[in-house]
């Protein structure tokens with residue numbers, strides 16, 4: 001078969017298919033709509049999953065930042081203590097940040113972890129004070145730490161998910 005004849009046959013098939021397309025589309029309208037709907041839903045689910053993963057990653061970065069602030073504050077306090085200065089109070093700011101994070105994050109595991117780290121920061125602040133700790137401050141800080149631990153325990157355990 002010559003290439004010209006083959007090309008002519010293909011052109012005729014295409015012309016025939018285009019001529020019959022409106023009729024075919026009418027007959028298969030429900031199938032076409034169903035396939036398009038499935039495609040749209042699949043794309044929407046995929047986009048939602050990517051967005052959700054990005055949100056979780058951002059929250060993980062935020063939690064890591066707060067934990068790094070606690071560690072940095074501890075280092076700063078130790079340096080200042082070697083010079084006779086008490087900077088233990090700077091642990092309260094990252095502790096408050098961890099508390100706000102735990103209240104706003106949707107992930108229970110991250111919230112529980114933030115609450116535990118907050119309680120540790122509150123207790124550490126008492127330990128790093130240079131002078132004596134008065135009883136009122138001690139009771140207040142310990143009760144705040146206990147409250148954080150209790151809230152963390154109330155979060156659903158990992159093995160139940």
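Just so it is clear, none of the values below were taken in a lab; they were calculated from the coordinates. Given the structure is predicted, the values throughout are model-derived calculations rather than measurements. Here Cβ is always computed from backbone atoms with ideal geometry, including for glycine, and neighbour counts include all displayed protein chains.
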Taking only Cα atoms, what is the 0 to 90° angle, nearest 10, from helix 92-104's long axis to the longest principal axis of the chain?
-> 40 degrees
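Given a cut-off of under 8 Å on Cα pairs at least six residues apart, what relative contact order in percent is computed for the chain? Write down the numbers at each step before the final one.
Numbers: 106 pairs, mean separation 27.3, N = 161.
It rounds to 17 percent for the chain.
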Distance in nm between residue 17 and residue 39 label points, each 7 Å along Cα→Cβ, equals 1.5 nm
Three principal axis extents, largest first, for the C-alpha atoms of the chain, in Å?
-> 101, 34, 23
What's the FRET efficiency of residue 104 with residue 135 using the Cβ-Cβ distance as r and R₀ = 41 Å, to the nearest 0.05?
-> 0.80
Taking only Cα atoms, what is the 0 to 90° angle, nearest 10, from helix 135-154's long axis to the longest principal axis of the chain?
-> 30 degrees
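Would you compute, from DSSP H runs of 4+ residues alone, the mean residue ellipticity of the chain at 222 nm, taking -39500 (n - 2.57) per run and dividing by the full residue count, rounded to the nearest 500?
Result for the chain, helices only: -29000 deg cm²/dmol.
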